[in-house]
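The values are calculated or read from the model by the stated rules, or taken from the named source; none is laboratory data. Just so it is clear, the model here is predicted, and its values are computed rather than measured. We place every Cβ from the backbone using ideal geometry, glycine too, and count neighbours over all the protein chains shown. Each accessible area value is taken on the protein alone, full model and side chains, heavy atoms only, with ligands, DNA and RNA left out. Shrake-Rupley method; radii C 1.70, N 1.55, O 1.52, S 1.80 Å.
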Amino acid sequence: MDFGVWSKGLTALAVECLIVGVFEEAELSAEAASVDAACGGRLKKLLERGDFPGRAGETLLLADLPGLSASRVLLTGLGVKKQFNRKAWRKAWATAAAALLRTRIASCAVAIARPVARELDDYHLGRAVAEIAGAALYRVNDLKTGKKPAPAALRKVLAGPVRTPAAANRGLTHGAAIAAAALVQRDLANLPANICTPTYLAEETRALAKTHKGLSVKVLDEPAIRREKMGCLLAVSQGSHQPPRFIVLEYRGGKEAQPPVVLVGKGVTFDSGGISLKDPPAMDEMKFDMSGAAAVVAALTLAASLSLKLNVVGLVAAVENMPGSKAVKPGDVATSASGQTVEILNTDAEGRLILCDALHYARRFHPAAVIDIATLTGACVIALGHHHSGVMGNDEPLVRELLEAGRRADDRCWQLPLTEEYGEQLKSNFADFANVGGRDGGAITAATFLGKFTQGLKWAHLDIAGTAYLSGAQKGSTGRPTPLLADFLLHRAAR
Ligand code: BES
Ligand code: MN
Ligand code: ZN
């Protein structure tokens with residue numbers, strides 16, 4: 001996809017389609033009004049007849065209006081003018097992009113009314129145009145045998161109207177990279193668990209490192225993991241025929257002495273629950289339980305493709321959680337790499353077991369910050385639903401940084417409290433602590449468990465159980481929280 005900007009002369013632009021916004025009160029945006037003037041009032045007339053209500057999520061394609069270089073105009077609904085903001089703008093462009101991709105239009109100019117600059121400046125406009133176009137283009141690499149739909153015709157998108165082309169172009173570059181990274185995450189996460197095993201995840205990461213200059217990979221196999229004494233990770237994987245993998249991805253774009261940001265991903269390629277077997281409904285969705293791992297891999301490809309001036313390490317703990325005669329059992333005690341012992345009361349609380357060993361591994365990098373990303377708890381979905389990821393940590397500035405990154409990237413997270421009282425729930429009679437703390441505050445007790453392994457580190461935890469994928473008819477990976485992580489890394493690189 002080619003991206004560019006436009007700043008004036010909308011009606012004479014050499015593109016096939018102009019995309020303009022219409023408010024619900026049948027009011028034309030400034031750009032729509034200029035199109036209307038050029039074509040002799042056709043848009044006004046259409047709106048007066050009530051043919052396009054301007055509701056959010058609706059579009060109307062018009063062809064061969066006089067007075068325009070473009071052969072088509074796509075109207076997109078902006079909703080109520082008083083409530084128009086960046087979110088409404090994003091929705092208007094996302095809907096328009098989806099509509100465009102159902103046509104053979106190859107080039108377009110985005111001329112959707114812009115909310116006030118505070119909501120969407122030139123840089124963020126460029127970023128959102130490219131990011132949303134990339135997301136709209138995404139097609140799941142399905143395993144259906146029928147005829148594939150024709151590839152998208154859309155090749156060129158101009159963003160505007162912009163005041164400072166350099167800022168908008170920078171935004172377009174970043175947005176395209178974010179979309180590409182989200183695609184990496186979605187492709188990995190959407191694969192079925194019989195294909196996307198821990199071994200496959202490691203090989204795919206190796207392949208991605210080959211095509212992204214500046215990335216290096218090291219993969220620990222089972223004997224190497226054993227040498228690291230990752231007893232909790234191994235306890236999870238021992239029930240599966242699939243051997244575990246521990247992936248270390250490195251990108252060194254900063255000064256040699258600069259401490260890295262370490263991202264840690266939960267890579268449970270399938271979570272059956274183990275001996276504490278899950279209920280059948282929606283168990284298939286547990287193939288998405290490696291979404292955190294996929295997001296970490298995606299974030300490192302982004303750092304490399306934008307040559308960020310930053311050091312970033314990605315750690316992925318990849319295992320399959322299965323029942324079987326060799327599987328870990330409720331009541332078993334495992335020794336983590338940190339030396340602390342854990343009574344595994346519920347084998348379905350496996351994410352924290354693999355993460356605790358991965359977080360301990362992070363120490364050797366003397367990190368500036370450690371962020372783990374995991375589809376960790378159903379409790380987080382109960383608490384926050386599907387709009388916000390959960391965020392907790394032992395370093396308030398780091399948590400705040402993630403909250404702000406999420407806000408800027410429109411990929412938000414919400415902080416849950418992580419105070420010491422919750423530790424009570426993890427007490428065990430037989431080991432240093434138990435891996436579960438009961439149903440109450442489940443997202444927090446899971447983070448409390450991780451906190452036992454991150455003392456002395458600046459650490460934050462993102463629980464993406466409710467945001468990483470959709471269920472039902474729309475089932476599939478959302479690519480979240482890649483935009484959030486991208487924004488976080490972009491800001492760290494700039495500071
Ligand atoms: N992968 C699940 C969490 C999950 C649940 C993600 C629903 C997405 C949707 C995790 O491994 C798990 O099973 N957690 C248990 C923890 C419990 C046993 C303390 C849960 O949330 O039920
Ligand atoms: Mn589980
Ligand atoms: Zn899980």
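With a threshold of 18 Å on the Cα-Cα distance, the over-threshold entries among Lys266/Lys475; Lys255/Lys309; Lys210/Lys287; Lys287/Lys475; Lys427/Lys452; Lys266/Lys287 are Lys266/Lys475; Lys210/Lys287. Ordering 140-147, 383-390 by mean Cβ neighbour count within 10 Å, with the highest value first, yields 383-390, 140-147.
Shown for the chain: the carbon plus sulfur share of the solvent-accessible area, taken with all protein chains present and a 1.4 angstrom probe, equals 52%. Going from the alpha-carbon gyration tensor of region 2-161, what semi-axes, largest first and in whole Å, does one get by taking the root of 5 times each eigenvalue? After scaling each eigenvalue by five and taking roots: 24, 18, 16 Å. Taking the alpha carbon gyration tensor of region 351-495, multiplying each eigenvalue by 5 and rooting it gives semi-axes of 24, 20, 13 Å, largest first.
Taking the Cβ-Cβ separation of Ser69 and Arg400 as r and a Förster radius of 56 Å, what is the calculated FRET efficiency to the nearest 0.05?
About 0.75, to the nearest 0.05.
Working note: Cα gyration tensor of region 179-494, eigenvalues times five, square-rooted, sorted largest first, giving semi-axes of 26, 21, 20 Å. Ala152 sits among other residues whose Cβ lies under 10 Å from its own Cβ, and their net charge, with Lys and Arg +1 and Asp and Glu -1, is +4. The order of the peptides 313-324, 294-305 by mean Cβ neighbours within 10 Å, most packed first, is 294-305, 313-324. Per residue, the accessible area of region 179-494 comes to 38 Å², computed with a 1.4 Å probe over protein heavy atoms only. Just read off the accessible area of Lys229 with the full protein assembly in place, 1.4 Å probe, to the nearest 10 Å². About 140 Å², ignoring ligands and nucleic acids. Peptide packing: for 355-361, 486-492, the average count of neighbouring Cβ atoms within 10 Å per residue gives the ranking 355-361, 486-492, highest mean first.
The value of relative contact order for region 393-495, using C-alpha pairs under 8 Å at least six residues apart, is 34 percent. Span-like helix criteria (full DSSP H runs; alpha carbon extent of at least 24 Å along the helix axis; mean Kyte-Doolittle hydropathy of at least -0.5) are satisfied in the chain by 165-190. Can you find, among Ala98, Ser69, Ile19, the residue sitting farthest towards the positive end of the charge dipole of region 2-161, where Lys and Arg contribute +1 and Asp and Glu -1 at Cβ? Positive-most Cα among the choices belongs to Ala98. The alpha carbons of region 278-390 give a radius of gyration and a Dmax of 16.2, 49 Å, in that order. Once you order the gyration tensor axes a ≥ b ≥ c over the Cα atoms, which shape class does region 379-420 get: rounded for a/c under 1.5, otherwise prolate or oblate by comparing a/b with b/c? The shape class here is oblate.
Measuring only protein heavy atoms, the 1.4 Å probe finds Thr454 accessible over about 0 Å². Annotation: the antiparallel percentage among DSSP beta bridges lying fully within the chain is about 40. Seen from every direction in turn and averaged, the convex hull around the alpha carbons of region 111-222 projects onto 10.3 nm². The largest accessible area among Trp414, Trp6 belongs to the first residue in Trp414, Trp6, and the rest follow in falling order (1.4 Å probe, all chains).
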